[in-house]
1. Which of (1) in contact with a strand residue (DSSP E or B) (Cβ under 9 Å, 6 or more places away or on another chain); (2) of a type in the set (G, A, S); (3) at pLDDT below 95 is the odd one out, the single condition S53 does not satisfy?
2. Go through (1) of a type outside the set (D, E, K, R); (2) modelled with pLDDT under 90; (3) under 13 Å from the mean Cα position of the chain (by Cα) one by one and return the number of the condition G44 breaks.
3. Scan the stretch 53-69 and give yes if some residue there is in a loop (DSSP other than H, G, I, E, B) and under 13 Å from the mean Cα position of the chain (by Cα), otherwise no.
4. Considering only the stretch 4-37, state which residues are among the aliphatic types (A, V, I, L, M), free of Cβ contacts under 8 Å to residues at least 12 places away in the same chain and outside any loop (DSSP other than H, G, I, E, B).
5. Considering the stretch 11-37 alone, what residues qualify as being of a type in the set (S, T, Y) and either in contact with a strand residue (DSSP E or B) (Cβ under 6 Å, 6 or more places away or on another chain) or surrounded by 10 or more Cβ atoms within 10 Å (Cβ to Cβ) (or both)?
6. So how many residues does the stretch 38-48 have that are surrounded by 12 or more Cβ atoms within 10 Å (Cβ to Cβ) and assigned to a loop (DSSP other than H, G, I, E, B)?
Amino acid sequence: MEKTIKPSIKTSMLRAGKKTYFFDVKVASNDKKYLKITESSFEGEGKERKYNSFLIWPETITDFQSRLTEVNSFLGQS
């Protein structure tokens with residue numbers, strides 16, 4: 001069985017120095033939406049970019065956002 005890659009239904013990007021973050025809302029094979037966050041790092045001239053990704057499902061997005069807000073307060077940001 002051949003896998004088909006479904007396109008993102010919403011994409012946002014954040015550049016931060018040598019890193020770029022991609023926020024992609026995608027649809028799984030069971031038609032359930034999820035958030036894929038990918039970090040792309042520039043490793044230097046002539047080298048390939050390094051990618052790391054993780055998925056967040058709708059049932060955990062509120063808790064994820066809450067924890068992010070919580071730890072953000074310790075960074076001195078509002």
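1. Result: S53 fails condition (3) only.
2. Just one mismatch for G44, condition (3).
3. Filtering the stretch 53-69 for residues in a loop (DSSP other than H, G, I, E, B) gives 57.
Next, from what is left, pick out any that are under 13 Å from the mean Cα position of the chain (by Cα): 57.
There is at least one residue in the stretch 53-69 that is in a loop (DSSP other than H, G, I, E, B) and under 13 Å from the mean Cα position of the chain (by Cα).
4. If we filter the stretch 4-37 for residues that are among the aliphatic types (A, V, I, L, M), which is where we start, we get 5, 9, 13-14, 16, 25, 27-28, 35, 37.
Imposing the further condition that a residue be free of Cβ contacts under 8 Å to residues at least 12 places away in the same chain reduces the set to 5, 13-14, 16, 28.
Answer for the stretch 4-37, where residues must be among the aliphatic types (A, V, I, L, M), free of Cβ contacts under 8 Å to residues at least 12 places away in the same chain and outside any loop (DSSP other than H, G, I, E, B): M13, L14, A16.
5. Within the stretch 11-37, T11, S12, T20, Y21, Y34 qualify.
6. We begin by selecting, within the stretch 38-48, every residue surrounded by 12 or more Cβ atoms within 10 Å (Cβ to Cβ); these are 38-42.
Restricting the remaining residues to those that are assigned to a loop (DSSP other than H, G, I, E, B) gives 42.
Within the stretch 38-48, residues that are surrounded by 12 or more Cβ atoms within 10 Å (Cβ to Cβ) and assigned to a loop (DSSP other than H, G, I, E, B) number 1.
The values are calculated or read from the model by the stated rules, or taken from the named source; none is laboratory data. Only a predicted model underlies this, so the values are computations on that prediction, with no experimental measurement involved. All Cβ positions, glycine included, derive from the backbone under ideal geometry; neighbour counts span all protein chains shown.
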